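Asks: Got a structure for you, questions after.
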Amino acid sequence: MSTTDFDLIVVGGGPGGYVAALRAAQLKLSVAVVEANHLGGICLNWGCIPTKALLRASEINHLLHDLGQFGFTVDNPRFDFGKVIGRSRAVSKQLSSGVAHLLKKAKVPVFDGFGKLAGVEGKKRKVEVALKDGKSVTLKAPHVILATGARARVLPGLEPDGKFVWSYREALVPDELPKRLLVIGSGAIGTEFASFYRNMGSEVTLVEVADRVLPVEDEDISKLARTAFEKQGMKILTGAKLGPLKKSDKDVTVEIEVGGKKETITIDRVISAVGIVGNVEKLGLEGTKIVVDRTHVVTDELCRTGEAGVYAIGDLAGAPWLAHKASHEAVMCVEAIAGLHVHPIDVTKIPGCTYCRPQVASVGYTEAKAKAAGYEVRVGRFPFIGNGKAIAMGEPEGLVKVVFDAKTGELLGAHMIGAEVTEMIQGYVIARTGELTEAELKETIFPHPTISESMHEAVLAAYGGALHF
Amino acid sequence: MAIEILMPALSPTMTEGKLARWLKKEGEKIASGDVIAEIETDKATMEVEAVDEGVLGRIFVPEGTEGVAVNTPIAVLVEEGEAVPEASSAQPNEAPSSSKAAAPVTAMPAPLAAQTSAPAVNKGTRVFASPLAKRIAKDAGLDLTTIKGTGPHGRIVKKDVEAAKSAGPAQAMASAAPVGGTTAHPLSTMRKVIARRLSESKSTIPHFYVSVDVQLDALLALRTQLNAASPEEGPDAFKLSVNDMLIKAAAVTLRRVKGVNVSFTDDAILEYNDVDISVAVSIPDGLITPIIRQADRKSLREISVEMKDLAKRARAGKLKPEEFQGGSFSVSNMGMFGVSSFSAIINPPQAAILAIAAGEKRPVVKADGSLGVGTVMTTTLSVDHRAIDGALAAQWTKAFRDVVENPITLVI
């Protein structure tokens with residue numbers, strides 16, 4: 001390597017890190033990326049993207065078993081599970097090499113190795129990279145962005161064992177479809193795996209310690225999600241206490257207590273999806289002014305750590321653990337370094353999507369959180385059954401719920417469940433980011449026939465009445 | 001992208017004008033809504049407002065340039081850090097290709113009082129604010145023009161309005177009946193224009209003042225006589241005020257002493273062919289100067305009827321721009337408030353203004369040398385010394401006194 005001096009070093013090549021590097025290159029900063037595993041990070045290799053490929057397959061499997069409503073008859077639809085998994089891996093590979101190509105095009109050097117902070121030399125920070133070939137190189141730059149991401153939280157007794165107990169990682173590359181599956185945790189990750197395996201044909205039990213599934217979503221949405229999952233044959237246990245796993249050589253038995261009632265189930269596989277922890281280890285944070293709180297680096301609103309010139313973005317810097325939050329922080333952080341005027345992120349303007357069937361998407365305050373924050377709210381709901389396109393598509397189950405500040409007309413939050421809602425939520429995100437009120441939303445003309453019309457109707461429902469329900 | 005600023009047309013008939021003054025320098029940051037230059041026509045001085053934001057990259061037409069054709073690029077606005085074009089892309093005589101899309105300026109009239117019609121704030125000054133920010137500001141009674149935006153491109157967002165709200169402006173404090181401290185009343189657009197124009201007048205025009213006491217008895221007697229001649233009612237009925245007669249007196253005097261009916265410019269003193277009297281009228285939160293055009297040629301009755309109409313519409317905010325823009329000389333009368341004397345600030349680009357105080361009973365020495373009682377008022381002429389010297393001002397005040405004290409002139 002001829003050059004080791006840069007304006008900016010980005011440690012981690014995920015959706016936070018590689019985006020930071022691309023933006024820095026656009027702004028004519030000299031920048032390098034240090035990546036220990038795969039470009040694209042968890043998102044692209046072991047998260048967002050491969051799960052979407054799997055969920056697409058499970059959705060097709062569902063449709064193949066539901067063709068009668070469209071007038072088709074298909075005898076004995078089958079799938080090759082190895083090919084389903086193979087396609088998911090191929091998609092990840094394609095996109096990961098896409099990131100490599102983008103960085104190459106932007107002339108951003110990538111150091112394949114594990115980077116850590118290694119002190120200061122003059123006005124520059126040093127980052128020591130243990131390269132994959134065993135050598136090491138020291139890079140220097142006045143600015144360092146840490147974007148090392150996060151990994152699955154491991155609870156005692158639920159450690160991935162390579163056989164019965166999986167984290168998301170093993171769950172993405174199974175050898176065969178488990179017959180009976182227990183999913184622990186009904187956040188986005190757990191729910192997506194539960195949905196995938198159920199729609200592929202596994203018997204799925206989803207357990208959640210909170211009193212409802214998807215506990216960060218609005219209560220109405222949790223309720224509808226549960227109903228839909230149960231209709232698909234999923235077993236749901238909320239407010240559940242899990243006993244120790246009892247492993248035999250062929251399966252696992254576990255006692256689950258719900259409301260004082262105990263039941264014992266036997267399963268072939270267990271997916272543990274009980275949250276994530278930040279990758280803060282071995283980053284050279286010891287002895288610096290960088291503060292770590294519960295595995296996450298503490299930053300200010302502009303992603304600055306306690307150490308001047310060192311920034312942390314994405315999962316490493318805390319919730320919400322979303323790729324698009326990491327990418328946005330990346331751009332903001334780099335622009336601030338380049339001296340541009342930036343706007344801090346408002347977490348109530350970050351959408352969240354879960355790609356289970358039916359899909360769930362939301363932004364901003366739930367009704368309960370809005371009330372807890374002291375807002376007097378106006379709520380509108382519109383069910384998909386009143387939407388022509390949804391019925392024509394054979395997707396009549398869904399709901400759009402909007403929460404407005406009754407005083408100002410501010411759209412505080414929007415919560416959706418049903419077909420394609422993950423593609424539609426951005427409409428409300430734009431409204432919330434642009435600070436539109438109910439007046440502009442009411443005046444917006446939505447195309448007919450689209451499922452998005454239900455977004456308009458929900459607003460009308462909050463202010464005097466939907467037209468089609 | 002560089003945006004050319006074109007010479008605006010201040011009226012449908014305007015083909016060229018004088019670029020009177022640049023208010024921004026090359027390299028200065030411009031926010032949309034900033035007044036960047038002043039344009040003069042024979043009739044009025046108008047302000048040019050920036051529609052876009054950026055940096056004033058280069059000035060193509062230096063200030064003081066006369067006969068600048070409409071749509072000629074006068075400057076270029078660039079983004080920060082962007083290269084500045086050496087010269088304008090369009091030749092002055094070329095058709096203005098970019099005039100619609102880029103149309104980077106709006107002309108805004110800048111008389112003493114700019115805004116008279118709609119009560120809506122910011123008319124003509126585009127304020128960028130989110131719909132939510134606008135609504136919260138409206139509900140809180142906050143003027144968005146007083147709030148600094150921190151959103152994209154300086155857009156005012158909810159956070160800014162909330163901050164302004166909690167900063168405790170007028171509204172919040174009014175209800176709390178504060179002890180001590182101050183209560184902030186946000187400036188209206190009119191107040192801002194008045195503040196700027198008059199500061200500019202007083203700080204750039206070398207004023208001097210000539211006072212003269214004028215005996216009113218003859219004029220009052222004539223007024224009584226004339227008013228008695230009015231029909232009781234009907235379309236021809238009239239009731240002349242002292243002010244109507246003094247407007248006419250000033251107009252007649254200006255016709256006699258033409259050197260005061262002028263404007264000073266860097267190259268020439270412009271003498272107006274017509275005598276157009278701007279009459280200061282007090283309106284809520286400011287004042288405005290409707291104009292009696294060619295007042296020297298109008299009868300007292302015409303002036304009286306027109307003045308009543310103008311004053312009424314001025315207070316209702318219904319004057320058309322041409323009714324208060326322009327004028328060659330101003331009259332400000334505070335007699336009705338019992339003021340014994342005052343001096344006024346010149347209304348640019350005019351060169352003089354007459355301040356009229358109250359008529360009072362004062363001891364006077366009559367022609368025969370005996371002492372008597374007369375109705376006397378003190379009038380003060382404020383003069384732009386660049387255009388008018390002391391002797392000329394004195395000549396004017398003497399002529400004015402002669403006209404008022406021999407008011408028969410007013411009806412000839």
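The values are calculated or read from the model by the stated rules, or taken from the named source; none is laboratory data. Computed from a prediction, not measured in an experiment: that's the story for all the values here. Here the Cβ positions follow ideal geometry from the backbone for every residue, glycine too, while neighbour counts run over all protein chains shown.
Asks: Report whether or not A:T205 is in contact with a strand residue (DSSP E or B) (Cβ under 6 Å, 6 or more places away or on another chain), closer than 29 Å to A:F79 by Cβ and of a type in the set (S, T, N, Q). Steps first, please.
Replies: Numbers: in contact with a strand residue (DSSP E or B) (Cβ under 6 Å, 6 or more places away or on another chain): yes; closer than 29 Å to A:F79 by Cβ: yes; of a type in the set (S, T, N, Q): yes.
The answer is yes for A:T205.
Asks: Right, another one. Looking at (1) outside any loop (DSSP other than H, G, I, E, B); (2) crowded, with 17+ Cβ neighbours inside 10 Å, which is the only condition B:D309 fails?
Replies: Of the numbered conditions (1) outside any loop (DSSP other than H, G, I, E, B); (2) crowded, with 17+ Cβ neighbours inside 10 Å, the odd one out for B:D309 is (2).
Asks: Given B:T125, B:T182, which one is crowded, with 18+ Cβ neighbours inside 10 Å, over 30 Å from B:I356 (Cα atoms) and at pLDDT below 85?
Replies: Numbers: B:T182 fails: crowded, with 18+ Cβ neighbours inside 10 Å.
The conditions single out B:T125.
Asks: Only residues that are at pLDDT below 80 and assigned to a strand (DSSP E or B): list them for segment B:4-44, please.
Replies: Once the filter is applied, which keeps residues that are at pLDDT below 80 and assigned to a strand (DSSP E or B), segment B:4-44 yields B:E16, B:E40.
Asks: Does A:L181 satisfy being in the same structural domain as A:G12 (by TED's automatic domain parsing) and within 25 Å of the chain's Cα centre (by Cα)? Steps first, please.
Replies: Working: in the same structural domain as A:G12 (by TED's automatic domain parsing): no; within 25 Å of the chain's Cα centre (by Cα): yes.
No: the conditions fail for A:L181.
Asks: Of these, B:A358, B:A316, B:A367, which one is more than 15 Å from the chain's Cα centre (by Cα), exposed (fewer than 13 other Cβ atoms within 10 Å of the Cβ) and within 22 Å of B:I283 (Cβ to Cβ)? It would help to see each step written out before you state the result.
Replies: Working: B:A358 fails: exposed (fewer than 13 other Cβ atoms within 10 Å of the Cβ); B:A367 fails: within 22 Å of B:I283 (Cβ to Cβ).
That would be B:A316, the only listed residue that is more than 15 Å from the chain's Cα centre (by Cα), exposed (fewer than 13 other Cβ atoms within 10 Å of the Cβ) and within 22 Å of B:I283 (Cβ to Cβ).
Asks: May I pose another question? Among the residues of segment A:427-434, is any more than 23 Å from B:A133 (Cβ to Cβ) and either touching a His at 6+ places or on another chain (Cβ under 7 Å) or in a helix (DSSP H, G or I) (or both)? Working first, answer last.
Replies: Taking segment A:427-434 as the starting set, the residues that turn out to be more than 23 Å from B:A133 (Cβ to Cβ) are none.
No, the conditions are met nowhere in segment A:427-434.
Asks: Is at least one residue of segment A:448-456 crowded, with 24+ Cβ neighbours inside 10 Å, within 14 Å of chain B (Cβ to nearest Cβ) and part of a loop (DSSP other than H, G, I, E, B)?
Replies: For segment A:448-456, residues crowded, with 24+ Cβ neighbours inside 10 Å, within 14 Å of chain B (Cβ to nearest Cβ) and part of a loop (DSSP other than H, G, I, E, B): absent.
Asks: I'd like to know if segment A:238-258 contains one or more residues that are of a type outside the set (G, A, S), closer than 27 Å to A:D66 by Cα and touching a residue at least 24 places away in the same chain (Cβ under 8 Å).
Replies: As a first pass, look at segment A:238-258 and keep what is of a type outside the set (G, A, S): A:238, A:241-242, A:244-247, A:249-258.
In the following step, the residues that additionally are closer than 27 Å to A:D66 by Cα were identified as none.
Checking segment A:238-258: not a single residue is of a type outside the set (G, A, S), closer than 27 Å to A:D66 by Cα and touching a residue at least 24 places away in the same chain (Cβ under 8 Å).
Asks: Exactly one of these conditions fails for B:I74: (1) away from every other protein chain (no Cβ under 13 Å); (2) modelled with pLDDT under 85. Give me its number.
Replies: With respect to (1) away from every other protein chain (no Cβ under 13 Å); (2) modelled with pLDDT under 85, B:I74 is out only on (2).
Asks: Identify, from the list A:G190, A:G185, the residue that is at positive phi and either modelled with pLDDT of 95 or more or touching a Cys at 6+ places or on another chain (Cβ under 7 Å) (or both).
Replies: On the way: A:G190 fails: at positive phi.
Going through A:G190, A:G185 in turn, the sole match is A:G185.
Asks: Of all the strands (runs of 3 or more DSSP E) wholly in segment B:187-299, which have at least 3 residues that are within 17 Å of the chain's Cα centre (by Cα)?
Replies: Details: elements: B:207-215, B:262-264, B:269-271, B:277-279, B:281-283, B:286-288.
Once the strands (runs of 3 or more DSSP E) in segment B:187-299 are filtered for at least 3 residues that are within 17 Å of the chain's Cα centre (by Cα), what remains is B:262-264, B:277-279, B:281-283, B:286-288.
Yes or no, residue by residue, for (1) exposed (fewer than 14 other Cβ atoms within 10 Å of the Cβ); (2) touching a residue at least 60 places away in the same chain (Cβ under 8 Å):
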{"residue": "B:S201", "(1), (2)": "no, yes"}
{"residue": "B:P206", "(1), (2)": "yes, yes"}
{"residue": "B:P231", "(1), (2)": "yes, no"}
{"residue": "B:G234", "(1), (2)": "yes, no"}
{"residue": "B:N243", "(1), (2)": "no, yes"}
{"residue": "B:I247", "(1), (2)": "no, yes"}
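Asks: Inside segment A:24-55, can you point out the residues that are surrounded by 23 or more Cβ atoms within 10 Å (Cβ to Cβ) and under 15 Å from A:K105 (Cα atoms)?
Replies: A:A24, A:V31, A:A32, A:V33, A:L39
Asks: Starting from segment B:60-76, take each residue that is in the same structural domain as B:I39 (by TED's automatic domain parsing) and list its partners that are surrounded by 18 or more Cβ atoms within 10 Å (Cβ to Cβ) and among the acidic types (D, E), counting only C-beta distances under 6 angstrom and pairs at least six apart or across chains.
Replies: These pairs meet every condition: B:P73/B:E4; B:V76/B:E4.
Asks: Shifting gears a bit: With the structure loaded, tell me whether A:G14 is surrounded by 24 or more Cβ atoms within 10 Å (Cβ to Cβ) and in contact with a helix residue (DSSP H, G or I) (Cβ under 6 Å, 6 or more places away or on another chain) or whether it fails that test. Give the derivation first.
Replies: Working: surrounded by 24 or more Cβ atoms within 10 Å (Cβ to Cβ): yes; in contact with a helix residue (DSSP H, G or I) (Cβ under 6 Å, 6 or more places away or on another chain): yes.
Spelling it out, A:G14 is indeed surrounded by 24 or more Cβ atoms within 10 Å (Cβ to Cβ) and in contact with a helix residue (DSSP H, G or I) (Cβ under 6 Å, 6 or more places away or on another chain).
Asks: Additional query: Considering (1) more than 30 Å from B:R135 (Cα to Cα); (2) surrounded by fewer than 19 Cβ atoms within 10 Å (Cβ to Cβ); (3) out of contact with any Phe, Trp or Tyr (no Cβ under 6 Å at 6 or more places or on another chain); (4) not small (G, A, S), say which one A:F384 fails and leave the rest.
Replies: All conditions are met except number (2).
Asks: I'd like to know if segment A:420-432 contains one or more residues that are over 17 Å from A:I350 (Cβ atoms), of a type outside the set (F, W, Y) and under 27 Å from the mean Cα position of the chain (by Cα).
Replies: We begin by selecting, within segment A:420-432, every residue over 17 Å from A:I350 (Cβ atoms); these are A:420.
Now restrict to residues that are of a type outside the set (F, W, Y): A:420.
Add one more test, that the residue is under 27 Å from the mean Cα position of the chain (by Cα), and what stays is A:420.
Yes, because at least one residue in segment A:420-432 is over 17 Å from A:I350 (Cβ atoms), of a type outside the set (F, W, Y) and under 27 Å from the mean Cα position of the chain (by Cα).
Asks: Which ones in segment A:429-447 are among the β-branched types (V, I, T) and at the interface with chain B (Cβ under 10 Å from one of its Cβ atoms)? Give the derivation first.
Replies: In the first step, residues of segment A:429-447 are kept if they are among the β-branched types (V, I, T); the result is A:429-430, A:433, A:437, A:444-445.
Across segment A:429-447, the qualifying residues are A:T433, A:T437.
Asks: Do you know which residues across segment A:401-428 are more than 9 Å from chain B (Cβ to nearest Cβ), closer than 21 Å to A:A373 by Cβ and surrounded by fewer than 19 Cβ atoms within 10 Å (Cβ to Cβ)?
Replies: If the condition is that a residue be more than 9 Å from chain B (Cβ to nearest Cβ), closer than 21 Å to A:A373 by Cβ and surrounded by fewer than 19 Cβ atoms within 10 Å (Cβ to Cβ), then A:A406 is the only one that fits.
Asks: Same structure again: If you check B:A163 against the conditions, is it more than 10 Å from chain A (Cβ to nearest Cβ), modelled with pLDDT of 80 or more and not in a loop (DSSP other than H, G, I, E, B)?
Replies: Values: more than 10 Å from chain A (Cβ to nearest Cβ): yes; modelled with pLDDT of 80 or more: yes; not in a loop (DSSP other than H, G, I, E, B): yes.
Judged against the criteria, B:A163 is a match.
Asks: With the checklist (1) more than 27 Å from A:V31 (Cα to Cα); (2) in a strand (DSSP E or B) in hand, flag the one item A:V274 doesn't pass.
Replies: Checking A:V274 against (1) more than 27 Å from A:V31 (Cα to Cα); (2) in a strand (DSSP E or B), the one that fails is (2).
Asks: Further question on the same structure: Among the residues of segment A:141-159, write down those that are of a type in the set (V, I, T) and in contact with a helix residue (DSSP H, G or I) (Cβ under 6 Å, 6 or more places away or on another chain).
Replies: If we filter segment A:141-159 for residues that are of a type in the set (V, I, T), which is where we start, we get A:144-145, A:148, A:154.
Within segment A:141-159, A:I145, A:T148 qualify.
Asks: Could you count how many residues in segment B:131-154 are more than 13 Å from A:L436 (Cα to Cα) and either hydrophobic (A, V, I, L, M, F, W, C) or facing chain A (nearest Cβ under 9 Å) (or both)? Steps first, answer last, please.
Replies: Going through segment B:131-154, the residues more than 13 Å from A:L436 (Cα to Cα) turn out to be B:137-154.
With either hydrophobic (A, V, I, L, M, F, W, C) or facing chain A (nearest Cβ under 9 Å) (or both) added as a condition, the list becomes B:137, B:139-140, B:142, B:144, B:147, B:150-152.
So the count comes out to 9.
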